[in-house]
Amino acid sequence: MRSHINLGRVFGIKIGLHYSWLIIAFLIVFSLSAQFHARNPEWGDGVILALAVLTAILFFVSLLLHELAHSVVAKSRGLPVREITLFALGGVSQIEQEPGSAKTEFWMALVGPLTSACIGVACLALVRVAGEASSPAVAMVSWLGYINLALAIFNMVPGYPLDGGRILRSLVWWKTGDMERATRIAARAGQAVALVFIGIGILQFFSGAGIGGLWIAFIGWFLLQAAGESHVRAGLKRAIEGVRVGDVMTLDCPTVGGNLDLQHFVEEELLKTGRRCFVVLENGEVTGLVTPHEVKQVERARWPFTNLRDIMRPLEELRTVTPETPLTSALEMMSRRDFNQLPVVSNGHLAGVLSRAQLLSFLQTRVELQA
Ligand SMILES: [Zn+2]
């Protein structure tokens with residue numbers, strides 16, 4: 001989800017367009033033009049193309065409204081929303097925290113399909129008022145109406161991580177009071193739904209539906225991946241329940257001076273110690289972190305002339321955790337932001353560093369001992 005175009009902010013939420021969406025936009029424009037052309041060749045090529053493009057844009061807007069509904073409810077319930085990204089298979093709202101209660105989850109999930117359903121019904125009502133005349137505008141609104149209704153229905157399929165799966169999870173959670181168990185059940189349902197999609201897709205493909213069938217199978221495959229991941233994550237969460245950052249972090253994080261140049265840093269520290277994360281100290285104060293990632297951004301020829309100070313990630317830009325932070329929240333933060341390290345700060349002082357590598361070896365030990 002990295003490579004995307006930034007579209008600005010709505011309600012303070014960043015909107016991003018993943019490049020894969022452009023493929024879908026192209027397919028929509030292409031198939032709509034063909035459809036309009038077949039039914040109403042008298043409209044002319046210019047009108048048909050403009051209409052197809054406008055329809056694709058409005059489809060994009062309705063997807064965005066669906067995601068905004070999720071995000072606005074999340075925000076109103078105090079959950080931070082980082083970004084909405086639209087990609088080939090729809091939209092994703094990156095909500096930075098798990099919902100605190102089953103009720104929050106329920107409403108957060110429901111408003112998305114509800115929004116799509118409302119848009120769909122409103123469009124079809126407009127078409128009825130217009131009296132089914134076959135004008136370009138009516139054709140467009142009618143297509144948008146059906147596609148939004150289809151979106152609402154598809155999203156209500158009870159397989160996690162679809163909205164319907166989230167609703168299922170919230171209901172099981174509400175009934176049992178056990179969020180992890182609810183996640184596992186909803187993820188299992190998600191896997192079952194995904195397999196059905198793949199089955200239908202393959203059957204359709206072989207009975208002559210062509211690309212349409214493959215497309216359904218592909219959506220199923222995508223769902224299978226996502227549901228499997230949620231299932232693993234739920235198990236992982238159980239394994240590290242009650243563990244705090246302080247139990248896992250390294251205390252002896254190597255320190256380096258801010259005015260050390262990259263050439264010496266790589267030769268004397270990075271390659272000799274085999275460590276991946278260094279704390280930059282200036283006048284006894286922690287000012288930032290340096291990892292191989294930052295070093296790689298600088299051309300090799302410039303290494304002797306570049307100081308660590310210039311390339312480090314300054315402390316104020318880093319998300320930090322405390323030794324008391326639950327490991328589950330730290331893990332969530334690392335995976336959402338794709339961080340490999342988190343500085344652990346206690347009373348304004350660096351207490352240690354939590355790294356992905358450590359987390360993995362910790363989990364491995366746990367799993368080995370449980371087996
Ligand atoms: Zn949704």
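Since every read-out is calculated from the coordinates, none of them should be taken as a lab result. Just so it is clear, the structure is predicted and the values come from calculations on it, not from any experiment. Note: ideal-geometry Cβ built from the backbone for every residue, glycine included; neighbour counts use all protein chains shown.
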Computed over the chain: longest principal axis from alpha-carbon atoms vs helix 179-204 long axis, angle to nearest 10 degrees, is 50 degrees
So, in Å, what gap is there between the alpha-carbon centers of region 323-343 and region 136-181? 30 Å
I need the phi-derived Karplus couplings for region 315-323: 6.51 cos²θ - 1.76 cosθ + 1.60, θ = phi - 60°, integer Hz, Gly and Pro marked x. 4, 5, 8, 8, 7, 10, 10, 10, x
For the pair Asn340 and Asn40, the simple spin-label estimate (label points 7 Å beyond Cα toward Cβ) gives in nm 5.6 nm
How compact and how long is region 107-189, expressed as Rg and Dmax of its alpha-carbon atoms in Å? 17.0, 54
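Counting only DSSP beta bridges with both residues in the chain, what percent are antiparallel, rounded to the nearest 5? Spell out each step's value before the answer.
On the way: 27 of 35 bridges.
Within the chain, antiparallel bridges account for around 75 percent of the total.
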Set the Förster distance to 22 Å, then compute FRET efficiency between Ala301 and Thr273 from the Cβ-Cβ distance, nearest 0.05. 0.35
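Can you give the FRET efficiency to the nearest 0.05 for Cys118 and Ile202, using r as the Cβ-Cβ distance and R₀ = 25 Å? Before the final figure, lay out each step's value.
Working: r = 34 Å, r/R0 = 1.37.
For R0 = 25 Å, the calculated efficiency reads 0.15.
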Spatially proximal lysines relative to Lys14 (Cα-Cα < 29 Å; intrachain offsets below 8 disregarded): Lys75, Lys103, Lys237, Lys296
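Full extension from Leu49 to Leu7: what is 0.36 nm times the residue separation minus their Cα-Cα distance, to one decimal in nm? Working shown, then result.
Details: separation 42, 0.36 × 42 = 15.12 nm, distance 2.38 nm.
The Leu49-Leu7 span can extend by a further 12.7 nm.
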Could you tell me how far the Cα centroid of region 15-66 sits from the Cα centroid of region 277-317, in Å? 47 Å
Charge context of Arg166, other residues only, Cβ under 12 angstrom, K/R +1, D/E -1: -2
For Arg77, the net charge from surrounding residues (Cβ-Cβ under 13 Å; K, R +1; D, E -1) works out to -1
Using the Karplus curve 6.51 cos²θ - 1.76 cosθ + 1.60 with θ = phi - 60°, work out ³J(HN,Hα) for each residue of region 275-282 in order, rounded to whole Hz, and write x for Gly and Pro. 7, 10, 9, 10, 8, 8, 10, 9
Hey, can you grab everything whose amide H is under 5 Å from the amide H of Arg244? Only 5+ residues off in sequence or another chain; H modelled, so Pro and N-termini drop out. Leu327
note: region 1-95, Cα-Cα separations exceeding 17 Å make up a percent value of 54 percent
Can you tell me the orientation of helix 211-239 relative to the chain, as the angle in degrees between its alpha-carbon axis and the longest Cα principal axis, to the nearest 10? 40 degrees
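Taking R0 as 51 Å, what FRET efficiency do you get between Phe26 and Asp247 from their Cβ-Cβ distance, rounded to the nearest 0.05?
Working: r = 51 Å, r/R0 = 0.99.
E between Phe26 and Asp247, to the nearest 0.05, is 0.50.
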Helix axis angle, 163-176 relative to the chain longest principal axis, alpha carbon, degrees: 60 degrees
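Counting each pair of different Cα atoms once, what's the Kirkwood radius of the chain in Å, rounded to one decimal? Display every interim value, and only then the final one.
Values: mean 1/r = 0.0418 Å⁻¹.
Evaluated over the chain, this radius sits at 23.9 Å.
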Per residue of region 61-66, in order, report the coupling 6.51 cos²θ - 1.76 cosθ + 1.60 (Karplus, θ = phi - 60°) as ³J(HN,Hα) in whole Hz, putting x for Gly and Pro. 5, 6, 4, 5, 4, 4
Quick one: which residues, 5+ away or cross-chain, put their amide H under 5 Å from the amide H of Gly258? H built at 1.01 Å from N. Leu281
Report the paramagnetic label zone for Ser329: residues of region 77-120 whose backbone N is under 15 Å from a point 7 Å from Cα along the Cα-to-Cβ axis. 78-80, 96-101
